[in-house]
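In what follows, a structure is listed as structure tokens, so that the remarks can point back to it.
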Amino acid sequence: MTIEALGLEHFYGRDKVLNGVDVTIDAGSFTAIIGESGSGKTTLLSILSTLLQPSAGIVKYDGKIVSELGNIDRFRRHNIGFVFQFHYLISYLTLRENIALGAMEESRIETLLHSLGISKLSHRYSDEVSGGERQRAAIARALVNAPSVVFADEPTGSLDSKNALGVYELFRGFSCAGTGFVVASHDKKIADYADIIIEMEDGVVKDITK
Amino acid sequence: MITPLKALRKNRFKTSLIFLSMSVSIAAIFLISAISGGVVSMYSAMLKTDGDIIVTQKGIADTFFSDINRSLNDSILQIEGVKVSSAMILGAAPVDPLPIVGIYGVSENRFKSYPLKEGRYPKVGEVMLGSKIYETLKHPREVIISKKEFQVSGVFKSRIGFEDGGVVMNLSDGGELFHKSASIVLVSLEDLGQSDEIIGKINTLDAQIEAKTTESFIEQYNQFKIIQTSSDVIGAMAFLMGILGIVSMMSMVVSDRKAEFGIMRSIGLSSTAIILKLLGETLIIAIVAYVVALGVSFGVLELIEHADKFQGYINGEITSALMIQVFVISVVMALVGTFLPALYASRIDPVSLIQRGDV
Ligand SMILES: Nc1ncnc2c1ncn2[C@@H]1O[C@H](COP(=O)(O)OP(=O)(O)OP(=O)(O)O)[C@@H](O)[C@H]1O
Ligand SMILES: [Mg+2]
């Protein structure tokens, strides 16, 4: 799957925070969006991931314009996973139940729990495991429907550097297996793991390196 | 099923508040309907005892104000097809030391509809007491009604609270007490099919009277309409209060759980799924609240029925029809009260999870 953004502009009120962004992302790769705070990373990621409608410009998934997709919930459920800075695990459900929540089929859950190293913790509640483990459960939840692409905004923002590197490695591993990752972060270390690095500055793409 | 229970337990403080507010509303609806229904059905039962047809003064709004000639009863008894006919005076007066008690002056042939427990039926100058008032007054040998003394000749037991807490005397004594000849005549028929014909005949006896089937009299009886309407209004208020309680608590619940619904949206759960989830949760609360409110209402009615203060006049009745009706009301209350907050929850934009860490 290929994600294409053409002429993206975005305003929050009168503030223009994206000013003509064109990017093409091959969904089978690990793409990092980096840049200073306020440069527009989150905004770009929200638009690419269909959560936010741009003020101008279009986003296409395999040539189909997002705003013209009929049922966006369904499209997301089938194609896109999300990981946020906070795990947002539902506290009254076990890790396993959290992962199963949006699962269209449960068959992948065991494999995911295993490959994320949390199968022994799957019956615990989120406040009974560590921050790194929570974030891994959140990653499993994002991957449960075998999406083509997972979007993550500062996924390591609440983790220490050791756990952060662990998360990048997971992303790298899963992207080699075919799932695309688009990750916004101001952690420079992500560059060591990503295939493509999009650097943002003041609402425009400053540089793309591979 | 398990998941909503977990969610409710997790938010147990607000769950309990919703539960309490629903229980109170539902119990209020039960009690007001049961009590007003009880009053209506007790009074109806009284008039329907040996009364297929009721004769009152024409155009009178209330049986207590009705004034007809008691000799009418003798003429009615002559009509073919009439099984029994008895004149009655319905009144209320102080019975020392009770401030107000139902007094029934009845023609002799009606005594037998008050099953005796003790003693005998009253002669002139005597009364018989309902078992409830007999207990309340601690087994008196004589009573003072409106400053006039009567000997107690016997005690009867009636399942109708108004009678069991009341005093029965001869028609003539009642007439002196309330300064009238009779209030109503109750007529029972050999064959109900003849009622129209017999009503016609009775109505020709006197231009000042009006005969009706007791059934239709009760349907049109103003006092009952007033009781029914007030009970409906109070019930509707309780229903609205219940809904408001649910709306405000559920709004708080939804805002506490914003992240939860946002994440559900981000993993592609439909808005409908989220709405159904919340409706399911309140429905569970509603069902438990209903059961508890039903239990509480039975308890309260039992207490009221046995409270001396009410002399057995308040006799709530929770019929199975009422149970079903209130069950439906409870479910509707839960669904209506939850719908708007649930709709809001289902529209939480997952982008807020990205942009503000603090949802
Ligand atoms: N909801 C909003 N309303 C108004 N302005 C916003 C909103 N979200 C972001 N902005 C502004 O848009 C600009 C870009 O924000 P964005 O969140 O995309 O930056 P970012 O690169 O992700 O920054 P950070 O690294 O701090 O997360 C910033 O100036 C920010 O203040
Ligand atoms: Mg950001």
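Treating r as the C-beta distance of A:Glu36 and B:Val332 and R0 as 41 Å, the FRET efficiency rounds to 0.15. Using only Cα atoms and rounding to the nearest 10 degrees, what angle (0 to 90) does helix B:271-306 make with the longest principal axis of chain B? Between the helix axis and the principal axis of chain B, the angle is about 30 degrees. Between A:His186 and B:Lys117, the simple label model (points 7 Å from Cα in the Cβ direction) yields a spacing of 8.6 nm.
With everything on Cα atoms, drop me the angle between helix A:131-143 and the longest principal axis of chain A, reported from 0 to 90° to the nearest 10. Long axis of A:131-143 versus the principal axis of chain A: about 70 degrees. When the Cα positions of B:Ile226, B:Ser25, B:Gly91 are compared along the charge dipole of the protein assembly as shown, B:Ser25 comes out farthest toward the positive end, with charges on each C-beta of Lys, Arg, Asp and Glu. Straight-line reach from A:Lys41: taking Cα to Cα under 26 Å and skipping same-chain neighbours fewer than 8 places apart, the lysines in range are A:Lys16, A:Lys60, A:Lys64, A:Lys162, A:Lys188, A:Lys189, A:Lys206, A:Lys210, B:Lys258.
Here the extension length gained between B:Gln208 and B:Glu80 equals 43.9 nm, from 0.36 nm per residue of separation less the Cα-Cα distance.
Label zone of B:Ala92 (point 7 Å out along Cα→Cβ, amide N under 20 Å): in segment B:20-46 this covers B:32-46.
Here the 3J(HN,Hα) profile of segment A:202-210, calculated from phi with Karplus coefficients 6.51, -1.76 and 1.60 at θ = phi - 60°, is 6, x, 10, 7, 8, 7, 10, 10, 10 Hz, Gly and Pro shown as x.
Rounded to the nearest 10 degrees, the inclination of helix B:195-205 to the longest alpha-carbon principal axis of chain B is 50 degrees. Label-to-label distance for B:Val233 and A:Leu6 is 6.8 nm, based on points extended 7 Å past Cα in the beta-carbon direction.
Summarise the accessible area of chain B (1.4 Å probe, protein heavy atoms) by the percent that is carbon and sulfur. Carbon plus sulfur share of accessible area: 61 percent. Rounded to the nearest 20, the size of the Cβ-charge dipole of chain B about its Cα centre is 1800 debye, with Lys and Arg at +1 and Asp and Glu at -1.
Both chains summed, the buried accessible area for B and A stands near 2200 Å², from protein heavy atoms and a 1.4 Å probe. Normalised per residue, the accessible area of segment A:3-209 is 42 Å², obtained with a 1.4 Å probe and no contribution from ligands, DNA or RNA. Solvent-accessible area per residue in segment B:59-207 equals 46 Å², computed with a 1.4 angstrom probe and all protein chains kept.
Whole-Hz Karplus values for segment B:95-100 come out as 10, 2, x, 7, x, 8 Hz, taken residue by residue from phi with 6.51 cos²θ - 1.76 cosθ + 1.60 and θ = phi - 60°; glycine and proline positions read x. Work out the FRET efficiency for B:Val124 and B:Leu303 from their Cβ-Cβ distance, taking R0 = 45 Å, and round it to the nearest 0.05. Calculated value: 0.70. Rolled with a 1.4 Å probe across the full set of protein chains, the surface gives A:Ser55 an accessible area near 60 Å².
Residues of segment B:1-27 that lose at least 50 Å² of accessible area (1.4 Å probe, protein heavy atoms only) when the other protein chains are present, relative to their chain alone, are B:Lys6, B:Lys10. Spacing of the modelled spin labels on B:Leu192 and B:Phe310, each 7 Å from Cα toward Cβ, amounts to 3.0 nm.
Once you sort the root eigenvalues of the Cα gyration tensor of the protein assembly as shown as a ≥ b ≥ c, which label holds: rounded (a/c under 1.5), prolate (a/b larger than b/c) or oblate (the other case)? Because a/c hits 1.5 or more and a/b exceeds b/c, the protein assembly as shown counts as prolate. Counting Cβ atoms of other protein chains within 10 Å of each residue's Cβ and taking the mean over peptide A:89-101 gives 4.
In order along segment A:170-178, the Karplus-derived 3J(HN,Hα) couplings, from 6.51 cos²θ - 1.76 cosθ + 1.60 at θ = phi - 60°, round to 4, 4, 4, x, 5, 6, 5, 7, x Hz, and Gly and Pro are given as x.
The values are calculated or read from the model by the stated rules, or taken from the named source; none is laboratory data. Note that the coordinates shown come from a computational prediction; the quantities given were computed from them, not determined experimentally. We place every Cβ from the backbone using ideal geometry, glycine too, and count neighbours over all the protein chains shown. Note: areas computed on protein heavy atoms with side chains; ligands, DNA, RNA excluded. Shrake-Rupley method; radii C 1.70, N 1.55, O 1.52, S 1.80 Å.
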